[in-house]
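Here is the structure we will look at, set down as structure tokens.
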Amino acid sequence: MNDTKMTGDIGKVEKLLAMDITSYRIAKETGLEQATVWRIREGDTKIERMNFDSVARLTAYYDKIKEEKP
């Protein structure tokens, strides 16, 4: 059994998408499609309508970025 706990935080996803990071970079780091990230940023897809896995991946990437910055 995998003990890794995945969490999703819509607030963190919103902050991540507002950062000065390209959709390409976010997609590459999270494993999501670049078009998916772009559609969320453009408002074509609502964050609340995303599946849990996508929200969890974006949340994890946000946390990783925050850990790396002093």
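The values are calculated or read from the model by the stated rules, or taken from the named source; none is laboratory data. These numbers come from a predicted model, not from an experiment. Counting neighbours? That spans all protein chains shown, and the Cβs are built from the backbone with ideal geometry, glycine included. Keep in mind that these areas ignore ligands, DNA and RNA; they rest on the heavy atoms of the full protein, side chains included. Shrake-Rupley method; radii C 1.70, N 1.55, O 1.52, S 1.80 Å.
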Quiz item: Looking at the stretch 43-70, which of the residues that are open to solvent by 100 Å² or more (accessible area, probe 1.4 Å) and touching a residue at least 24 places away in the same chain (Cβ under 8 Å) is farthest from G11 (Cα to Cα)?
Solution: F52
Quiz prompt | Which numbered condition A35 misses (of (1) part of a loop (DSSP other than H, G, I, E, B); (2) surrounded by fewer than 18 Cβ atoms within 10 Å (Cβ to Cβ); (3) of a type in the set (G, A, S)) | solution = (1)
Quiz item: Could you list, in sequence order, the residues of the stretch 13-32 that are surrounded by 12 or more Cβ atoms within 10 Å (Cβ to Cβ) and assigned to a helix (DSSP H, G or I)?
Solution: V13, E14, K15, L16, L17, S23, R25, I26, A27, K28, E29, T30
Quiz item: Out of the stretch 1-12, which residues are surrounded by 13 or more Cβ atoms within 10 Å (Cβ to Cβ) and either at pLDDT 95 or above or not hydrophobic (A, V, I, L, M, F, W, C) (or both)?
Solution: G8, D9, K12
Quiz item: List, please: which pairs have Cβ atoms under 6 Å, are six or more places apart or on different chains, and start with a residue in the stretch 25-42 that is within 17 Å of I65 (Cα to Cα) and end with one that is assigned to a helix (DSSP H, G or I) and open to solvent by 20 Å² or more (accessible area, probe 1.4 Å)?
Solution: A27/Q34; E29/Y61; T30/R57; T30/Y61
